[in-house]
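Trainee: This is the structure I want to talk about, given as structure tokens.
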Amino acid sequence: MTEKLELGFNVPAKVGQELNEICTPALIVDLDVFERNVATMKCYAEDNNIRLRAHAKTHKSADISAYLIKSGGCCGICCQKLSEAEGLIRAGVEDVLLTNIVVDPIKIERLVALTKQARIIVCVDDLENAKNLAVAAERANTVLECLVEIEVGHMVCGIPIGADMIELAKFVDESPSLKFEGIQAYQGMAQHTYEFSDRQALLDIAIDETRKAVELLASEGLTCNTIGGGGTGTHPFETKSGIYNELQCGSYIFMDVDYLRVKMDDGSYLSDYKPSLFVYSTVVSNAKPGRAICDAGLKAQSVDSGLPEIFGMANVEYVKCIDEHGVLLDPEDKLKLNDRISLIPGHCDPTCNLHEWFVGVRNGVVESLWPITSRGKFF
């Protein structure tokens, strides 16, 4: 039997409702803090004369992408997956950097088709892949912009700096159906390196390698319009290098438990950015003294970077995460049935991918509902 779905099915809240009326578990955004985080990064980029292209893999939302472009100082957005980009472009985003390699022939056809709808830039780190991109773009009578992705210590994608890199960049530059836009130099391994000195050591290498790449390409007559990289955890290093001209920060809009462990040079944490994203949850059992159970478990949040932290409540700890529930230590028996708690997720990006809606809240009242446009789009 097919169930007839009513309009608004599976929406956790309505505009105008109060916090305690939201169906849980739900992903809520403190709009005041969110807007402050966005404004802080915008001012940082403007003050340092560096472009900002915020990464949508954090939120996967067309509404947030539009806000970041209109009010957050962003020249465009980044996506990590092709279908993610397709979803956001269909919703009106017009300038996308795909910070990934596309090699599947079917995906390449989809990629070049997007150039008819928006500005598209893609990363390449292999000559044969670039040749395939060129053939597909020529067949589609379009031009595809490319960044040559270089290895700077991330140990994922990226071509080593040297003769092969130059050959790849020259091919892209000389191909009528491709455009050499610059280089991608992202050090992802450093983003969550907690100690400042350890993070600096990783970025010293990345910046030195990036500088070498730019100089090598310049010696061959190739100009990098974009030298991109940087994330929430490292953007001050890329900015101060004098080499990078575009940042790709994403998590700064929300923050999470793991990013709140990252220290600055004075021993403080990333204090310019505060948690604005929470998994809102209800206490569903307190049958045993000193313990409570909430309704936000593994299906409501990612714990790959550790368990969530309970926001604004001392002496209560989230200690275990199972499919549908979370176990809370509550030695003072503070929590009663139907009490609501706000959980700072351990890792915001994969947590967002588990939900269909962001519930925007201001002063305890639901102000907006944003669909997570590209939720589940990871191919």
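Trainee: For region 135-146, enumerate the residues that are more than 29 Å from the chain's Cα centre (by Cα) and either assigned to a helix (DSSP H, G or I) or within 20 Å of Pro160 (Cα to Cα) (or both). Give the steps one after another, and end with the answer.
Mentor: Initial filter on region 135-146 (more than 29 Å from the chain's Cα centre (by Cα)): 135, 138-141.
Across region 135-146, the qualifying residues are Val135, Glu138, Arg139.
Trainee: Which of the residues belonging to region 34-65 are touching a Gly at 6+ places or on another chain (Cβ under 7 Å) and either outside the structural domain of Gly233 (by TED's automatic domain parsing) or surrounded by fewer than 18 Cβ atoms within 10 Å (Cβ to Cβ) (or both)?
Mentor: The answer is Lys42, Glu46.
Trainee: Answer yes if at least one residue in region 155-175 is touching a Cys at 6+ places or on another chain (Cβ under 9 Å), touching a residue at least 60 places away in the same chain (Cβ under 8 Å) and of a type outside the set (Ser, Thr, Tyr), and no otherwise.
Mentor: No, region 155-175 contains no residue that is touching a Cys at 6+ places or on another chain (Cβ under 9 Å), touching a residue at least 60 places away in the same chain (Cβ under 8 Å) and of a type outside the set (Ser, Thr, Tyr).
Trainee: Of everything in region 203-237, what is part of a loop (DSSP other than H, G, I, E, B) and touching a residue at least 60 places away in the same chain (Cβ under 8 Å)? Give them in sequence order. Step through it out loud before you land on a result.
Mentor: Restricting attention to region 203-237, the residues satisfying the condition of being part of a loop (DSSP other than H, G, I, E, B) are 220-225, 230-234.
The answer is Gly231, and nothing else.
Trainee: Test Ile372 against the stated conditions and say whether it is crowded, with 21+ Cβ neighbours inside 10 Å and not acidic (Asp, Glu). Full working, then the answer.
Mentor: Details: crowded, with 21+ Cβ neighbours inside 10 Å: yes; not acidic (Asp, Glu): yes.
In short, yes.
Trainee: When you scan region 16-51, how many residues do you find that are under 27 Å from His235 (Cα atoms) and either among the β-branched types (Val, Ile, Thr) or not in a strand (DSSP E or B) (or both)? Before you say what the answer is, go through the steps one by one.
Mentor: Here is the first cut: in region 16-51, the ones under 27 Å from His235 (Cα atoms) are 27-51.
Still in the list and also either among the β-branched types (Val, Ile, Thr) or not in a strand (DSSP E or B) (or both): 28-29, 31-50.
Matching residues across region 16-51 total 22.
Trainee: What about Val156, is it assigned to a loop (DSSP other than H, G, I, E, B), within 27 Å of Tyr44 (Cβ to Cβ) and of a type outside the set (Phe, Trp, Tyr)?
Mentor: So Val156 passes the test.
Trainee: A follow-up question, please. Within region 70-100, how many residues turn out to be over 23 Å from Thr234 (Cβ atoms) and either among the aliphatic types (A, V, I, L, M) or assigned to a helix (DSSP H, G or I) (or both)?
Mentor: 12
Trainee: Can you find, within region 180-202, the residue that is nearest to the chain's Cα centre (by Cα) among those that are under 18 Å from Ser268 (Cβ atoms) and outside any helix (DSSP H, G or I)?
Mentor: Gln191
Trainee: Take the residues in region 323-365 that are over 30 Å from Val96 (Cα atoms) and among the hydrophobic types (A, V, I, L, M, F, W, C), then tell me which one is surrounded by the most Cβ atoms within 10 Å (Cβ to Cβ).
Mentor: Filtering region 323-365 for residues that are over 30 Å from Val96 (Cα atoms) and among the hydrophobic types (A, V, I, L, M, F, W, C), the one surrounded by the most Cβ atoms within 10 Å (Cβ to Cβ) comes out as Leu343.
Trainee: Can you tell me which condition Cys74 does not meet? The list is (1) surrounded by 19 or more Cβ atoms within 10 Å (Cβ to Cβ); (2) out of contact with any helix residue (DSSP H, G or I) (no Cβ under 9 Å at 6 or more places or on another chain); (3) under 27 Å from Val33 (Cα atoms), and all the others hold.
Mentor: Here Cys74 meets the rest and fails (2).
Trainee: Among the residues of region 278-294, count how many are surrounded by fewer than 16 Cβ atoms within 10 Å (Cβ to Cβ) and within 29 Å of Ser251 (Cβ to Cβ).
Mentor: Adding up the residues that qualify gives 0.
Trainee: Let me ask something additional. Out of (1) within 24 Å of Lys57 (Cβ to Cβ); (2) assigned to a helix (DSSP H, G or I), what's the single condition that is false for Asn132?
Mentor: Unmet condition: (1).
Trainee: Something else: Can you say whether Arg362 is more than 24 Å from Ala292 (Cα to Cα) and basic (Lys, Arg), as far as the supplied structure shows? Spell out the reasoning first.
Mentor: Working: more than 24 Å from Ala292 (Cα to Cα): yes; basic (Lys, Arg): yes.
Yes, satisfied.
Trainee: If Leu68 passes every condition in (1) surrounded by fewer than 19 Cβ atoms within 10 Å (Cβ to Cβ); (2) within 26 Å of Phe278 (Cα to Cα) but one, which one does it miss?
Mentor: Going through the list (1) surrounded by fewer than 19 Cβ atoms within 10 Å (Cβ to Cβ); (2) within 26 Å of Phe278 (Cα to Cα), Leu68 breaks only (1).
Trainee: Among the candidates Leu31, Leu52, single out the residue that is aliphatic (A, V, I, L, M) and either within 15 Å of the chain's Cα centre (by Cα) or more than 16 Å from Ser276 (Cα to Cα) (or both). It would help to see each step written out before you state the result.
Mentor: Details: Leu31 fails: either within 15 Å of the chain's Cα centre (by Cα) or more than 16 Å from Ser276 (Cα to Cα) (or both).
Step by step, each of Leu31, Leu52 is checked, and only Leu52 is aliphatic (A, V, I, L, M) and either within 15 Å of the chain's Cα centre (by Cα) or more than 16 Å from Ser276 (Cα to Cα) (or both).
Trainee: If a residue has to be without any contact (Cβ under 8 Å) to a residue 60 or more places away in the chain and under 29 Å from Lys107 (Cβ atoms) to count, how many in region 35-64 make the cut?
Mentor: Number satisfying all stated conditions: 0.
Trainee: Still on this model: If you go through region 259-269 one residue at a time, do you hit one that is under 28 Å from Gln80 (Cα atoms), assigned to a loop (DSSP other than H, G, I, E, B) and touching a residue at least 24 places away in the same chain (Cβ under 8 Å)? Break it down into steps so the answer makes sense when it comes.
Mentor: The first filter runs over region 259-269 and keeps only residues under 28 Å from Gln80 (Cα atoms), leaving 259-264, 269.
Now narrow it down to the ones that are assigned to a loop (DSSP other than H, G, I, E, B): 262, 264.
If we keep only those that are touching a residue at least 24 places away in the same chain (Cβ under 8 Å) too, we end up with 262, 264.
Yes - at least one qualifying residue is present in region 259-269.
Trainee: Let me ask something else. Identify all residues within region 307-322 that are loosely packed, with under 15 Cβ neighbours inside 10 Å and either polar (S, T, N, Q) or part of a loop (DSSP other than H, G, I, E, B) (or both); write none if there are none.
Mentor: Phe311, Gly312, Ala314, Asn315, Ile322 - these are the residues of region 307-322 that are loosely packed, with under 15 Cβ neighbours inside 10 Å and either polar (S, T, N, Q) or part of a loop (DSSP other than H, G, I, E, B) (or both).
The values are calculated or read from the model by the stated rules, or taken from the named source; none is laboratory data. This one's a predicted model, so the numbers in the text were calculated from it and none came from an experiment. Cβ: placed from backbone, ideal geometry, glycine included. Neighbour counts: every protein chain shown.
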